[in-house]
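All remarks here apply to the structure that follows.
What follows is calculated from the coordinates using simple rules that are stated; it is not laboratory data. If you're wondering where the values come from, they're calculated on a predicted model, not measured in any experiment. Cβ placement follows ideal geometry from the backbone for every residue including glycine, while neighbour counts extend to all protein chains displayed.
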Amino acid sequence: MRIATWNVNSIAARLPAVLRWAEYERPEVLCLQEIKCVDEKFPSADFEALGYSSITHGQRTYNGVAILAQSEMTAVTKGLPGDEEPGHARLIAASVGGITVVNVYIPNGSDVGTEKYAFKLDWLARLRTFLDERYSPSDPVLICGDFNVAPDDRDVHDPAMWEGRILCSPAEREALENVRLWGFEDAFRLHTLDGGHFSWWDYRAGAFRRNVGLRIDHIWITQQLVPRCHSVRIDKEPRMWDRPSDHAPVVADISTD
């Protein structure tokens, strides 16, 4: 089973690119973040034409997550317990092909020490509680999405420049590590140990061309899936297309049994 995650930075702006990529890559499951539309505006029919059903947890103008799948999705969950209504549409989960897929768009946090930063840390704590109460680490669970945290200095183009800053601050890394310790392994790091591999590059100053980026888009898996995970890669090609998202897809190939 090929499972991919991609922050598309507006499905309306990026629909041609996402359809093009899905058609040639053909992931069985495609998790999207930052769709930036309400559920009724999501282009489900365009993906149905490619063989995908879709579930969405959308929000006007901001946030929003979706899961597309070529097979049936069951046990659907939308949002974290305690989310305010309409709240932040940042989590959607479903069972697909025997794997529980949790798709998240973790808050950015704006700047260290701000109210948005405190919200991010609280959201990560609530995510850990959600996992504790809803699932078991002994089950095949995969969590993916835009985590908005570079876990360690290998995931940062210039660690000295980013030290203590948003996306790399100690408190964020500690909060994210608490989620990982629920029972996850970073699937990318099962196959690639060296640094310099990024999934996000700023639109400005030729950042992508210079590979000035961060690895903040992740796929994490429980131990039951570790021996079944054959490869994980960051597909940089769509970042080179016209009007790209500032993120690239991350793709994992996992055996179904």
(request) Sort Thr256, Thr222, Thr192 so the one with the fewest other Cβ atoms within 10 Å of its own Cβ comes first. (result) Thr256, Thr192, Thr222
(request) Determine the relative contact order of the chain: mean sequence separation of Cα pairs under 8 Å and six or more apart, normalised by residue count, in whole percent. (result) 20 percent
(request) Can you tell me the FRET efficiency between Asp152 and Ala45 if r is taken as the Cβ-Cβ distance and R0 is 51 Å, rounded to the nearest 0.05? (result) 0.75
(request) With springs connecting C-alpha atoms under 10 Å apart, model the chain as a Gaussian network and identify which of Gly97, Gly183, Gly113 has the largest mean-square fluctuation. (result) Gly113
(request) Would you work out which of Ile99, Pro170, Ser245 lies farthest towards the positive end of the dipole of the chain? Charges go on Cβ: Lys and Arg +1, Asp and Glu -1. (result) Ser245
(message) Need one number: % antiparallel among DSSP beta bridges in the chain, to the nearest 5.
(response) 80 percent
(request) For n ≥ 4 DSSP H runs only, could you compute -39500 (n - 2.57) per run for the chain, divide by its residues and tell me the 222 nm figure to the nearest 500? (result) -6500 deg cm²/dmol
(request) Please give the net charge around Pro249, taking every other residue with its beta carbon less than 15 angstrom from that of Pro249, where Lys and Arg add +1 and Asp and Glu add -1. (result) -2
(request) Could you line up Trp220, Trp6 from fewest to most neighbouring Cβ atoms inside 10 Å? (result) Trp220, Trp6
(request) With unit charges on the beta carbon (Lys/Arg positive, Asp/Glu negative), name the residue among Trp182, Gly195, Ile221 whose Cα is farthest towards the positive pole of the charge dipole of the chain. (result) Gly195
(message) I want to check the label-to-label distance for Val38 and Glu237. Put each point 7 Å from Cα in the C-beta direction and report it in nm to one decimal.
(response) 3.7 nm
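Counting only Cα atoms, I'd like the Rg/Rh figure for the range 2-254, Kirkwood definition for Rh.
Numbers: Rg = 16.7 Å, Rh = 18.1 Å.
With Rg and the Kirkwood Rh in hand, the quotient comes to 0.93.
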(message) If I model a spin label as a point 7 Å beyond the Cα along the Cα-Cβ vector, how far apart are those points for Lys78 and Asp194 in nm?
(response) 4.5 nm
